[in-house]
Amino acid sequence: MKHTILNSIHREMGGRMVEFGGWDMPLHYGSQLEEHHQVRRDAGMFDVSHMTVVDLKGERVKPFLRMLLANDVDKLKVPGKALYSCMLNEDGGVIDDLIVYYLNDEDYRMVVNAGTTDKDMAWIEKHAEAYRVNVTPRRDLAMIAVQGPQARDKALPLLPANLREFVADLKPFQAAWDGSWFVARTGYTGEDGLEIMLPEEQAGELWRKLFENGVAPIGLGARDTLRLEAGMNLYGSDMDESVTPLQSGLAWTIAMDPADRGFIGRPALEAQQRKGVEKQLVGLLLTGRGVLRNHQKLFAGDREIGEITSGGFAPTLQTSIALARVDAGALDDIDVEIRGKRVPAKVVKPPFARHGKPLVSV
């Protein structure tokens, strides 16, 4: 397995280590439930150094990214502004979901998922050649996400002095940088916070200083329950190459205007729109007893209409929730098959919780 630069510190702090996408990562440091509440109520930090930072440079990098991504980087006008997008194959299937940052017209930064890095890099490099874009995976950088209502206040004093003023003024989905330090006001929890990219050799010191300043280490377990409550998709569960963004609750990430922008997967998406999207991603709130889990089957009466893609107990709501792919036009109330029994659930619109507060109720 691969190890991030912080691996030994996770073990020192009592992290229970598990395999995740080929990486040795902390599942939790004692209590997944307490870690979840720590992020919703105060501040927690995640080692996300297993994700891959990719720098893209060249005179034609902007038209390259407008062709590569379903969302349109032409929306990005202010240096540091970020954009969430899917990268699609020719059939409209999702190769990966990612964030891209605009530095200038010839310089962009992208962050891709750990488990898809190899295929992502092969796909990007294959298409970059015609545009003469220089593609550089930044293996020299670590990445720490600090999330929660107190995250920015606790992290800001620990940043390089010449960055603090700029980071303090960042709006959501913006970044500031100086040298090899790059700080973005982004995250994967539904809370405010920062994602800090920095040289690997400086990551251990920052992690320890954050800990001393009251930021708790958080593992993969709470990261998953936090993102699920926030209604955020997980690649490989809620979408993959077999489904399009239109079937994954991600239609908002597709820029069909201007009509003359050709991007990979566009013809397939247009064909799906003309035909009508047969499946949709919805939120589920369990109203009966049990726990929602991935791949449980869903029914409207006697008709099977889909399955859960991500499910689990939501600590903020104190009930079970899920994202599920179901037939388009499914009823508000459906049944989940749990251990051979049908249990009622209610269809709701994600997110389920953000900024420490539940947004739906049974």
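Consider segment 109-124. How many of its residues are in a strand (DSSP E or B) and out of contact with any helix residue (DSSP H, G or I) (no Cβ under 6 Å at 6 or more places or on another chain)?
3
Which ranges mark the strands (runs of 3 or more DSSP E) fully within segment 125-184 that have 1 or more residues being at pLDDT below 95?
none
All but one of (1) on the phi > 0 side of the Ramachandran plot; (2) within 19 Å of the chain's Cα centre (by Cα); (3) not basic (K, R) hold for G276; which doesn't?
Status for G276: all satisfied but (2).
Which condition breaks for G92 when tested against (1) farther than 16 Å from L250 by Cα; (2) surrounded by 16 or more Cβ atoms within 10 Å (Cβ to Cβ); (3) of a type outside the set (D, E)?
(1)
Can you name every residue in segment 339-360 that is without any contact (Cβ under 8 Å) to a residue 60 or more places away in the chain and farther than 20 Å from A222 by Cα?
R339, G340, K341, R342, V343, P344
Would you check if T186 is touching a His at 6+ places or on another chain (Cβ under 6 Å) and β-branched (V, I, T)?
no
Taking into account only those residues within segment 235-247 that are over 13 Å from the mean Cα position of the chain (by Cα), within 20 Å of G21 (Cβ to Cβ) and of a type outside the set (D, E), which is surrounded by the most Cβ atoms within 10 Å (Cβ to Cβ)?
V243
State whether the residues of segment 196-214 include one that is surrounded by fewer than 21 Cβ atoms within 10 Å (Cβ to Cβ), closer than 23 Å to P315 by Cα and in contact (Cβ under 8 Å) with a residue 40 or more places away in the chain.
Yes - at least one qualifying residue is present in segment 196-214.
So, in segment 95-110, how many residues would count as being of a type outside the set (F, W, Y) and touching a Leu at 6+ places or on another chain (Cβ under 6 Å)?
Here the count works out to 2.
For residues that are of a type in the set (F, W, Y) and within 27 Å of A322 (Cβ to Cβ), tally how many sit in segment 245-280.
The number of residues fulfilling the criteria is 1.
Out of all the residues in segment 228-264, which are touching a residue at least 40 places away in the same chain (Cβ under 8 Å) and aromatic (F, W, Y)?
Listed by number, the residues that qualify are Y235, F263.
Just to verify a result, which residue in segment 159-177, among those that are buried (at least 18 other Cβ atoms within 10 Å of the Cβ) and of a type in the set (A, V, I, L, M, F, W, C), is nearest to the chain's Cα centre (by Cα)?
The qualifying residue nearest to the chain's Cα centre (by Cα) is A175.
With S237, S320 as the choices, which residue is of a type in the set (S, T, Y), within 30 Å of Q32 (Cβ to Cβ) and either touching a Phe, Trp or Tyr at 6+ places or on another chain (Cβ under 8 Å) or at pLDDT below 95 (or both)?
When all the criteria are applied, what remains is S320.
Search segment 80-106 for residues that are among the acidic types (D, E) and pair each with any residue that is in a strand (DSSP E or B) and crowded, with 23+ Cβ neighbours inside 10 Å when their beta-carbon atoms are under 6 Å apart and the residues are at least 6 apart or on different chains.
Note: pairs meeting the criteria are D96/M87; D96/V112; D97/C86.
With the checklist (1) of a type outside the set (K, R); (2) under 18 Å from the mean Cα position of the chain (by Cα); (3) crowded, with 19+ Cβ neighbours inside 10 Å in hand, flag the one item Y84 doesn't pass.
(3)
Do you know which residues across segment 303-338 are hydroxyl-bearing (S, T, Y) and in contact (Cβ under 8 Å) with a residue 60 or more places away in the chain?
Within segment 303-338, T309, S310, T316 qualify.
Going through segment 114-134 one residue at a time, which ones are closer than 13 Å to V61 by Cβ, out of contact with any Leu (no Cβ under 8 Å at 6 or more places or on another chain) and surrounded by 12 or more Cβ atoms within 10 Å (Cβ to Cβ)?
Across segment 114-134, the qualifying residue is only Y131.
Any idea which residue in segment 3-60 is surrounded by the fewest Cβ atoms within 10 Å (Cβ to Cβ), counting only those that are free of Cβ contacts under 8 Å to residues at least 24 places away in the same chain and touching an Asp or Glu at 6+ places or on another chain (Cβ under 9 Å)?
H3
Find the residue count for segment 248-305, including only residues that are modelled with pLDDT under 95 and crowded, with 19+ Cβ neighbours inside 10 Å.
0
The values are calculated or read from the model by the stated rules, or taken from the named source; none is laboratory data. This structure is a prediction, so every number in the text was calculated from the model and none was measured. All Cβ positions, even for glycine, are placed from backbone atoms using ideal geometry, and neighbour counts span all protein chains on display.
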